[in-house]
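Below is one structure, written out as structure tokens; the observations come after it.
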Amino acid sequence: MALKTEPFVLNIGPLHPSTHGVFRLLATLDGEVVVDIEPIIGYLHRGIEKLAEGREYQKDIPLCDRLDYVAAMGHSMAYAMAVEKLLGISVPERAEYIRVIMVELQRIASHLLAVGSIANEMGTFFTPFMYMFREREKILDLFDMVCGQRLLYNYMRFGGVSHDLPEEFIPALKKFIDQMPGYIDEYDQLLAENEILLVRTKGIGVLPPELAVNCSVSGPTLRASGVARDIRRCDPYSIYDRFEFDIPTFTAGDCYDRYRQRIEEMRQSLRIIRQAVEQLPQGKVNSRVPIRVRPPQGDVFVHVEAPRGELGFYLVSDGSEKPYRFHVRAPSLINLTPLREMIIGWKLADAIVIFGSIDIIMGEIDR
Amino acid sequence: MQTLSFGEIAGLISAKYAPEAVAPFQGSLVVGGEHLLEVASYLRDTPQLDFDYLISVTAVDYRSHFEVVYHLTSLQHSHSLVLRVRCPQNKPLVPSLVSLWRGAELQEREIFDLMGVGFAGHPNLKRIFLWDGFKGHPLRKDYSSGT
Amino acid sequence: MEVGRERIYSAAELDAHEGALIEALRASSQQPVTDPDEWLQKELQRNVLVTSVDAVLNWSRRSSLWPVICFPACCAFEFIGASASRFDMSRFGMDILRGSPRQADLLITAGTLTWKMAPQVRRLYDQMAEPKWVIAMGACGITGGIFRDSYSVVPGYNRIVPVDVYVPGCPPRPETLLNGIEMLRQKINTRSIATEGE
């Protein structure tokens, strides 16, 4: 005789150790199996879009840093690129190279955090996380050397970067890119064939490619499902067309592939940095742009490949010194669209892993 | 794979739809609200166009009217297109595109919450970032927090 | 087996309830909460001497501050950085991050607080067992920082909970946070059981 069970509503969050910040899940459970889930967000909605519309263009760079605080370089670079496109100014060669080095370093730092968190969610409490943080600290030290901040840099400017690299940066960076492949192999040895990781992630939370495309999913989450969409390749910006790198993709689209995807992307980022350091030219690092800029009327949409996916800035200028409309296409928010389909039918403990493997940052979701 | 320029896409569209339904404007197409669903499904389902990926949905308050801006792209042909839908200030309502691209779901809710533009046919249209009982829509130009 | 979708409360009811809570808290929290130490009874402090007991209690309290997990935004990563191997917060007996407020005695507010989040933080604070302390970490935690003008941001955690130590920075470096923790330890050292818990 089958036992009759009643659905049970469980509220997870908004302050919960496994929700990556202030995220709330309203899960309806049947026993241990999730039958319905509703993500509730907005607990970190700081009104960045409204604040940015009330400030001058230059003053919005720190706000962009705080959108995605573990990938601040890429966000302020995308914003600077959008304003440069509005103004119609170009960036000096050296500054482009510095930007690429910074953004790719940031991608590695961000993926380290993502991989560490996935492992954390599976109950390997803090051990892989500590390994990842060991290398992340090294990257933060490099950033610290350049702009005196560890997390939110305010380094990008319209028409370049705020100042040149210090003398000791390039040797330190070279040392780092020589060491890092060994560390990535070390993680792979620790994790890739680990029995617990395999059991907890293989075949779990599959995201089919058709659903991913229809839900506008982007970034590593999309590529792990087998869709090779990377803005660096399909709509090259900055100087990405000068480097040789691969767009790794996987086919299963489960949590394991999303983990492998990030590991492979770190390797590709290292390749890009190595080429950029070799080719780094001498010269100016910013062009002369007044502090108060008044772009001509019009609108512009710029998208870049952020660590979490396709980051877009939509700016409307009315000719004044403040943006008339400032909109961010936040990859973390849109990647949450297929969450219901991915989680329903799995056990609650798997739901946490699936959610973690999408890798979200609340600052970017809620803005 | 055949990448079409904006002129070619606009040519295909204007051959099919009347100018009051779809009109080119600054490298984008302005679509009448009542024709949006029809035009969007044509864009998505025609093999030559194949706009299968909705990059972004956003809205702008131009004081006299709202403009909802859609950025579309085709993964296969790698061409992209911007659609604009305008609706008057006193009747902010456009059809929802969730039935075609699920990716619009959370973004339309976001616009509804912050800009106060409704989307007819959205499965779960309610506030997403702000709480129940919050007065006003902050991204509107006439919003003031009262402090 | 048939599983129904109905819930005890509908989603709309839950939202309305939450909205009412937020609005009520917002209306009642327009002024900063004073530091609890301001109303210490000075007279009593001079007359009762419990030196050795105090010393032992304060030593044990300051040496095992267990922080509760409260990671709203950016500062969280500097907090995690401070607890990771390099800065190693465990040196101060703080190695265990508690998921449950009932087992914790320190609230480190790592990030911007919004009005939507405020009732949860207040509840978290209320659930912590006495004695408890609060460190406001970062510019947002102190005054709202860069987001102070926003329609949805609480201008400082001291509108919601009493704060003991303010750690400035946007975000504060882990060293700064450790310095703040050291200041809190000194503050705990000056407590006396003669003046608390009446």
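Taken over the stretch A:71-95, the criterion of being outside any helix (DSSP H, G or I) and within 14 Å of A:HIS163 (Cα to Cα) is satisfied by A:VAL91, A:PRO92. Does B:VAL82 count as among the β-branched types (Val, Ile, Thr), farther than 26 Å from C:PRO119 by Cβ, part of a loop (DSSP other than H, G, I, E, B) and touching a strand residue (DSSP E or B) at 6+ places or on another chain (Cβ under 9 Å)? Criteria not met by B:VAL82.
Being at the interface with another protein chain (Cβ under 8 Å from one of its Cβ atoms), touching a helix residue (DSSP H, G or I) at 6+ places or on another chain (Cβ under 6 Å), among the aromatic types (Phe, Trp, Tyr) and assigned to a loop (DSSP other than H, G, I, E, B) is a property that holds for B:PHE129.
Given the condition of a type outside the set (Ser, Thr, Tyr), within 13 Å of chain B (Cβ to nearest Cβ) and either free of Cβ contacts under 8 Å to residues at least 40 places away in the same chain or surrounded by fewer than 18 Cβ atoms within 10 Å (Cβ to Cβ) (or both), answer yes or no: does some residue in the stretch A:280-296 qualify? So far as the stretch A:280-296 goes, yes, one or more of its residues are of a type outside the set (Ser, Thr, Tyr), within 13 Å of chain B (Cβ to nearest Cβ) and either free of Cβ contacts under 8 Å to residues at least 40 places away in the same chain or surrounded by fewer than 18 Cβ atoms within 10 Å (Cβ to Cβ) (or both).
Checked against the criterion of being out of contact with any Lys or Arg (no Cβ under 9 Å at 6 or more places or on another chain) and away from chain A (no Cβ under 12 Å), the stretch C:111-123 contains not a single residue that satisfies it. Within the stretch B:35-60, the set of residues being assigned to a strand (DSSP E or B) and in contact with a His (Cβ under 9 Å, 6 or more places away or on another chain) comprises B:LEU54, B:ILE55, B:SER56, B:VAL57, B:THR58, B:ALA59, B:VAL60. When A:GLU341 is tested against (1) over 17 Å from the mean Cα position of the chain (by Cα); (2) more than 14 Å from chain B (Cβ to nearest Cβ); (3) in a helix (DSSP H, G or I); (4) crowded, with 16+ Cβ neighbours inside 10 Å, only condition (2) is not met. Checking each residue in the stretch A:27-51 for being within 13 Å of chain B (Cβ to nearest Cβ), under 20 Å from A:THR337 (Cα atoms) and either among the polar types (S, T, N, Q) or in a loop (DSSP other than H, G, I, E, B) (or both) picks out A:ILE41, A:GLY42, A:TYR43, A:LEU44, A:HIS45. May I ask you to list the residues in the stretch C:111-123 that are free of Cβ contacts under 8 Å to residues at least 60 places away in the same chain and buried (at least 20 other Cβ atoms within 10 Å of the Cβ)? Result: C:GLY111, C:THR112, C:LEU113, C:THR114, C:MET117, C:GLN120, C:VAL121.
Just one residue in the set A:ARG308, A:ARG274 is buried (at least 16 other Cβ atoms within 10 Å of the Cβ) and farther than 23 Å from A:LEU63 by Cα; that residue is A:ARG274.
Of (1) in contact with a His (Cβ under 8 Å, 6 or more places away or on another chain); (2) surrounded by 18 or more Cβ atoms within 10 Å (Cβ to Cβ), B:ARG127 satisfies all except one. Which? Looking at each condition in turn, B:ARG127 falls short on (1). Do we have A:GLY203 as more than 14 Å from every other protein chain (Cβ to nearest Cβ), surrounded by fewer than 14 Cβ atoms within 10 Å (Cβ to Cβ), under 19 Å from A:ALA109 (Cβ atoms) and more than 21 Å from the chain's Cα centre (by Cα) here? When the stated conditions are applied, A:GLY203 does not pass them.
Among residues of the stretch A:125-147 that are at the interface with another protein chain (Cβ under 8 Å from one of its Cβ atoms), those with a Cβ under 9 angstrom from a residue that is surrounded by fewer than 20 Cβ atoms within 10 Å (Cβ to Cβ) and small (Gly, Ala, Ser), sequence gap 6+ or separate chain, pair up as A:PHE129/A:SER117; A:MET130/C:SER85; A:PHE133/C:SER85; A:ARG134/C:SER85; A:GLU137/C:SER85. Before we move on, is A:GLU96 more than 22 Å from C:GLY111 (Cβ to Cβ), modelled with pLDDT of 85 or more and more than 9 Å from every other protein chain (Cβ to nearest Cβ)? Taking the combined requirement at face value, the residue satisfies it. Inspect the stretch A:245-253 for any residue being within 14 Å of chain B (Cβ to nearest Cβ), farther than 27 Å from B:VAL98 by Cβ and of a type outside the set (S, T, N, Q) and give the result as yes or no. So far as the stretch A:245-253 goes, yes, one or more of its residues are within 14 Å of chain B (Cβ to nearest Cβ), farther than 27 Å from B:VAL98 by Cβ and of a type outside the set (S, T, N, Q).
Quick check on the stretch A:16-24. Is at least one of its residues in a strand (DSSP E or B), touching a residue at least 24 places away in the same chain (Cβ under 8 Å) and more than 9 Å from every other protein chain (Cβ to nearest Cβ)? Within the stretch A:16-24 (the criterion being in a strand (DSSP E or B), touching a residue at least 24 places away in the same chain (Cβ under 8 Å) and more than 9 Å from every other protein chain (Cβ to nearest Cβ)), the answer is no, since none of the residues qualifies.
Of the helices (runs of 4 or more DSSP H) lying entirely inside the stretch C:37-86, the ones with 3 or more residues being at pLDDT 75 or above and buried (at least 21 other Cβ atoms within 10 Å of the Cβ) are found at C:75-83. Within the stretch C:87-123, track down each residue that is of a type outside the set (Phe, Trp, Tyr), under 22 Å from C:ARG185 (Cβ atoms) and part of a helix (DSSP H, G or I). Passing the criteria: C:MET89, C:SER90, C:ARG91, C:PRO101, C:GLN103. Restricted to the stretch A:316-332, and to residues that are surrounded by fewer than 24 Cβ atoms within 10 Å (Cβ to Cβ) and not β-branched (Val, Ile, Thr), which residue is farthest from the other protein chains (Cβ to nearest Cβ)? Only one residue tops the list, namely A:GLU321.
This table checks each residue for (1) farther than 30 Å from A:GLN149 by Cβ; (2) touching a residue at least 60 places away in the same chain (Cβ under 8 Å); (3) touching a strand residue (DSSP E or B) at 6+ places or on another chain (Cβ under 9 Å); (4) not small (Gly, Ala, Ser).
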site	(1), (2), (3), (4)
A:HIS163	no, yes, yes, yes
A:LYS174	no, yes, no, yes
A:ILE177	no, yes, no, yes
A:GLN189	yes, no, no, yes
A:GLY203	yes, no, no, no
A:SER218	no, yes, yes, no
A:LEU222	yes, yes, yes, yes
A:TYR237	no, yes, yes, yes
A:THR249	yes, no, no, yes
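Selection within the stretch A:202-248: residues that are outside any helix (DSSP H, G or I) and of a type in the set (S, T, N, Q). The member of this set that is farthest from B:GLN76 (Cα to Cα) is A:SER238. In the set (1) away from chain A (no Cβ under 11 Å); (2) hydroxyl-bearing (Ser, Thr, Tyr); (3) crowded, with 21+ Cβ neighbours inside 10 Å, the condition left unmet by C:THR143 is number (3). Restricted to the stretch B:97-126, and to residues there that are assigned to a loop (DSSP other than H, G, I, E, B) and facing chain A (nearest Cβ under 8 Å), the residue that is nearest to C:TRP115 (Cα to Cα) is B:GLY103.
Every residue, every condition in (1) closer than 19 Å to A:MET362 by Cβ; (2) within 9 Å of the chain's Cα centre (by Cα); (3) not polar (S, T, N, Q), yes or no:
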position	(1), (2), (3)
C:ILE108	yes, yes, yes
C:GLY111	yes, no, yes
C:PRO119	yes, no, yes
C:GLY141	yes, no, yes
C:GLY156	no, no, yes
C:VAL163	no, yes, yes
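Total residues in the stretch B:1-54 satisfying the condition of being surrounded by 13 or more Cβ atoms within 10 Å (Cβ to Cβ), among the acidic types (Asp, Glu) and either more than 14 Å from chain A (Cβ to nearest Cβ) or at negative phi (or both): the figure is 3.
The values are calculated or read from the model by the stated rules, or taken from the named source; none is laboratory data. Quick caveat, the model's predicted, so the values are computed rather than measured. Glycine also receives a Cβ, built like all others from the backbone with ideal geometry; neighbour counts cover every protein chain displayed.
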